[in-house]
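Asks: Take this structure first; my questions come after.
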Ligand SMILES: Nc1nc2c(ncn2[C@@H]2O[C@H](COP(=O)(O)OP(=O)(O)O)[C@@H](O)[C@H]2O)c(=O)[nH]1
Ligand SMILES: [Mg+2]
């Protein structure tokens, strides 16, 4: 089945060690453009991204969601599918093919790459991340009856569905906001296993205590806030 051309958005904050390889491994035949959102990097992330053929958008306001929102604001007109991917080479960009294929084959709105279903390499997911994933997905299952297995970054979504979700979170609540709102709005969601390996460069979230705590609270708060506002609607 033919797949729609997709635009890739990569939020990147000081990802000089990995960004070139991430870009180089993206299968170009299915991707019409690669946008790297430089989130105030102090290294050569932006220069390397340009060298690799990506369009660089600068978003000086730090935050994962802020970077993703800036990428969305910069999408070319006519974009039908958006693929999100991290800049640290933990995900395998070649698997963009599998995500896009699943989007078409299942006629879904959102395809999530599940790291827990895909045998993550030792050291790539910390025990705190596994626990956080387990807790968050268990709470979502209790409220919405849908069993997600992960809140990972690698995902493909139809542009129309993305607009309907009206994404707002500017930090670590981004991925879970998308998943909860997708259930609230009855989107067709599919998960496929993806691989995951230890990142290149230094972690800013899961590898630090403050990042882990802040991300954990933000994720739980996001689930609570969205569910109290409009459960199951
Ligand atoms: N933590 C963090 N990551 C950002 C920010 N802006 C963009 N990113 C990117 O978000 C992705 C996830 O961050 P990372 O440090 O790998 O988190 P981890 O995988 O949980 O260790 C990477 O591609 C970062 O470069 C930001 O302000 N904070
Ligand atoms: Mg990472």
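The values are calculated or read from the model by the stated rules, or taken from the named source; none is laboratory data. Here the structure is a predicted model, which is why all the values come from computation and not from measurement. Note that we place each Cβ from the backbone using ideal geometry, even for glycine, and neighbour counts take in every protein chain shown.
Asks: Would you point out the residue of region 45-69, among those that are part of a helix (DSSP H, G or I) and more than 10 Å from ligand 1 (Cβ to nearest atom), that is farthest from residue 177 (Cα to Cα)?
Replies: 51
Asks: Now, a different point. Take the residues in region 77-93 that are crowded, with 24+ Cβ neighbours inside 10 Å and more than 9 Å from ligand 2 (Cβ to nearest atom); name whichever of them is farthest from residue 20 (Cα to Cα).
Replies: The residue in question is 81.
Asks: Any idea which of (1) within 12 Å of residue 192 (Cβ to Cβ); (2) away from ligand 2 (no atom under 16 Å from the Cβ); (3) at pLDDT 95 or above is the one residue 114 doesn't satisfy?
Replies: (2)
Asks: May I pose another question? Which residue pairs have Cβ atoms under 7 Å apart, sit 6 or more places apart or on different chains, and have a first residue in region 201-215 that is in contact (Cβ under 8 Å) with a residue 12 or more places away in the chain and more than 14 Å from residue 15 (Cβ to Cβ) and a second that is more than 10 Å from ligand 2 (Cβ to nearest atom) and not in a loop (DSSP other than H, G, I, E, B)?
Replies: Pairs found: 206/128; 206/212; 212/128.
Asks: Looking at residue 149 and the list (1) farther than 30 Å from residue 21 by Cβ; (2) in contact with a strand residue (DSSP E or B) (Cβ under 6 Å, 6 or more places away or on another chain), which single condition is not satisfied?
Replies: The single condition residue 149 does not satisfy is (1).
Asks: In region 187-208, is there at least one residue being in a helix (DSSP H, G or I) and within 16 Å of residue 153 (Cβ to Cβ)?
Replies: no
Asks: I'd like to check something: does region 138-151 contain any residue that is in a helix (DSSP H, G or I) and crowded, with 19+ Cβ neighbours inside 10 Å?
Replies: Yes, region 138-151 contains at least one residue that is in a helix (DSSP H, G or I) and crowded, with 19+ Cβ neighbours inside 10 Å.
Asks: Considering 201, 211, 173, which residue is on the phi > 0 side of the Ramachandran plot and either within 16 Å of ligand 1 (Cβ to nearest atom) or under 18 Å from the mean Cα position of the chain (by Cα) (or both)?
Replies: 201
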